[in-house]
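These notes are about the structure you will find just below.
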Amino acid sequence: MKVIVIGAGYSGITAGIRFPQRIKNIDLTIYEKNAGVGGTWYSNRYPGLSCDAPSHCYQLTFEANTEWSSFYAPGPEIRAHVQRITDKYQLMRYIKLQHELIHARYDEKEGKWYLKFRRPAVDSTAEHPRMEEIEDVADFVLCCAGGISRWSWPNIEGLHDFKGKLMHSAGWDTDDWREGAKDWKDKKVGVIGVGSSAIQMVPALQPYVGHLYNFVRGKTWLATPFLTEKLSEMMKRDPEAANYSFSDEDRQAFKDPIFYKEFRRELEEELNSNHSSTIQGSEKEAQARKAFREDMLKRLEKKPWIADHITPDFPVTCRRLTPGPGYLEALTEDNVDFVPKDIKRVTPTGLETPDGQHYDLDILICATGYDTDFQYPFPVIGRGGRTLQDRYKPHPETYLSLCTDGFPNWFNSLGPNSIIGAGSLLIIIERAIEYAAAAVLKMQRERLKSIEVKKEAVADFDQYLEHYFPKTVYSAKCRSWYKVGKVEGRVVGLWPGSSLHAARAFERPRWEDYNYEYLGDVKNRFHWLGNGYTYNEKHMVGDRAWYLSDEEVDFPPVPVT
């Protein structure tokens, strides 16, 4: 079978490892639009970029990293970690870099996807760039494009008339931001936004610039760094440290597999114990709101007036929660102004707020996020010529976030309603990949032309979402990418439950929720049984007592008397 994976971030890399392991005789290609692997960790290079979850909770279950430098690992370390995994499993044999998907069409008669990609031509140069298009055909497509891969400029009058340096956090123009910012000591820098990227960028840039203005329209909760009490308890560290840096002694301790496994388990258990804080009116949410408010006031002690403009009325986790070590402290520095105003327009020399005040700027940085509506920039054409873009209106409808009726043999990792509000993300990726691999294996084993989720199964999951989210904090009034950047509306970004809940849901596919077509003119569902031989018996090769191998024998527990 020919399988094509779109994207070489964490999802695509995991697919590159698991698909060949789970499925024999697979022809696998992973297409990646960037010039390197890592997905969002490759494309983002902005100042202060770091993981907003504890590093040791942001890794694959089977690929532990004991060398993280800090509790919240910086972006370059995560990028290097993904590259090491890629090299270890020799995944570049499957990966084609700088291949951007521009068109996908399902052929109903053949049961295949016809895909078109754009890539640099062989004779393309930096001075004379030239692109060309190629085509490929797949029996099965796994889309790992992700929901936060298409960054967007804010809709502000005059933005592109600015004569200074205009940048977007997701389109940073240097690999080493410090090298790019070395001449900013006398510059006036404006940062628009108060999301994850702005919260990380402001404290990173503050020591490097002459003056920094943070323009903030909304409000947000700044979390106390996650799991610090557990880390303090296990590593005998200072509980007040914002982003703990691991010492050589710590990393040496991690080399003990028993200690490290327990360390990792305890962190993950703590991380997976916070789901109740996402339920409206829960005691845990009230406790978190009180603790965060007190912590924010403490960190804003030098400029307490800021607290009135940044502390929300909406519940904790209504927006994506960011620990943001150092952000509030940076706002209180003498060379930083916090500007809690709308922006009327951008001028050639700065920007103007509705009260008529003009802020002169040399550099303007938009930390304004991504398009999160799952309206991909390339057409995906399914049965009857209907596009996925049309199917996802007025909101995306999926089956467990993994697939949609009308688009056979097309599965997602981190599709609509897949991200978790509390818990571990990478276990969701791993389980989604295993689910997709099981679907491919079923197609291969049973000689299926297509596997397509039933329309009524999609409708039932959509109804479940409609009933689930109103009881959560995500339905409160706050502007969030969970709701496509709206204050109110449908939650399209989040899984309806905890990460453990999603992992269990993906564990055992309900194949009865799918429709199937068989290859050729075969009507008998047991045609795949063949002639009574297995391949190894027929050709007298391989292991013909495989059921006695260590990985096959399942020893039951013996009761203790």
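Any read-out appearing in this document is the output of simple, stated calculations on the displayed coordinates, not a laboratory observation. None of these values were measured; they are calculated from a predicted model. So basically every Cβ, Gly included, is an ideal-geometry build from the backbone, and we count neighbours across all protein chains shown.
Structure notes:
- Judged by the mean number of other Cβ atoms found within 10 Å, the most tightly packed of the peptides 335-346, 120-131, 364-375, 287-298 leads the ranking 364-375, 335-346, 287-298, 120-131.
- Alpha-carbon Debye profile of the chain, log10 I(q)/I(0) at 0.11, 0.13 Å⁻¹: -1.12, -1.50
- Calculated mean residue ellipticity at 222 nm for the chain: -8000 deg cm²/dmol, from DSSP H runs with n ≥ 4 weighted as -39500 (n - 2.57), summed, divided by the residue count and rounded to 500.
- Helix 455-468 axis, angle to the chain major axis (alpha carbon atoms, nearest 10°): 30 degrees
- Isolated cysteines in the chain, defined as those with no second cysteine Cβ under 4.7 Å, comprise Cys51, Cys57, Cys143, Cys144, Cys366, Cys403.
- Distance from the C-alpha centroid of the range 364-394 to that of the range 160-181: 26 Å, rounded to the whole angstrom.
- Highest to lowest packing among 517-526, 135-144, scored as the average C-beta count within 10 Å: 135-144, 517-526
- Taken over the range 370-470, the alpha-carbon convex hull comes to 122 cubic angstrom per residue.
- Antiparallel content of DSSP bridges confined to the range 1-139, in %, to 5: 70 percent
- Contact order relative to length of the chain, as percent, for alpha carbon pairs under 8 angstrom and 6 or more apart: 18 percent
- Partner lysines whose Cα lies under 27 Å from the Cα of Lys298, excluding those fewer than 8 positions away in the same chain, are identified as Lys219, Lys230, Lys236, Lys284, Lys290, Lys341, Lys477.
- The angle separating the long axis of helix 426-445 from the principal Cα axis of greatest extent in the chain is about 20 degrees.
- Within the shell of other residues whose beta carbon sits under 11 angstrom from the beta carbon of Ile30, the net charge comes to +1, with Lys and Arg scored +1 and Asp and Glu -1.
- Bridge orientation summary for the chain: considering DSSP beta bridges with both residues in this region, about 50 percent are antiparallel.
- Neighbour net charge for Asp355 - beta-carbon separation under 15 angstrom, K R +1, D E -1: +1
- As a rough guide to protection, the peptides 535-544, 383-392, 43-52 ranked by mean Cβ packing within 10 Å, highest first, stand as 43-52, 383-392, 535-544.
- 0 to 90° range, to nearest 10: angle between helix 75-88 axis and the chain longest Cα axis: 20 degrees
- Summary of the geometry: the range 1-53 and the range 260-313, compared by the centres of their Cα atoms, lie 32 Å apart.
- Net charge, Pro377 excluded, C-beta distance under 10 Å - Lys, Arg +1, Asp, Glu -1: -1
- Here's how it looks for Val191: its modeled amide H is under 5 Å from those of Tyr213, Asn214, Phe215, Ile365, which are all 5 or more places away or on a different chain.
- Stokes-Einstein D for the range 305-447, Kirkwood Rh over Cα pairs, 4 °C, 1.567 mPa s (µm²/s): 65 µm²/s
- Debye log10 I(q)/I(0) at q = 0.15, 0.20 Å⁻¹ for the range 88-141, Cα point scatterers: -0.57, -0.82
- In sequence order, calculated HN-Hα J values of the range 177-193 (Karplus, 6.51, -1.76, 1.60; Hz; x Gly/Pro): 5, 5, 5, x, 9, 5, 9, 9, 4, 10, 8, 9, 10, x, 10, 9, x
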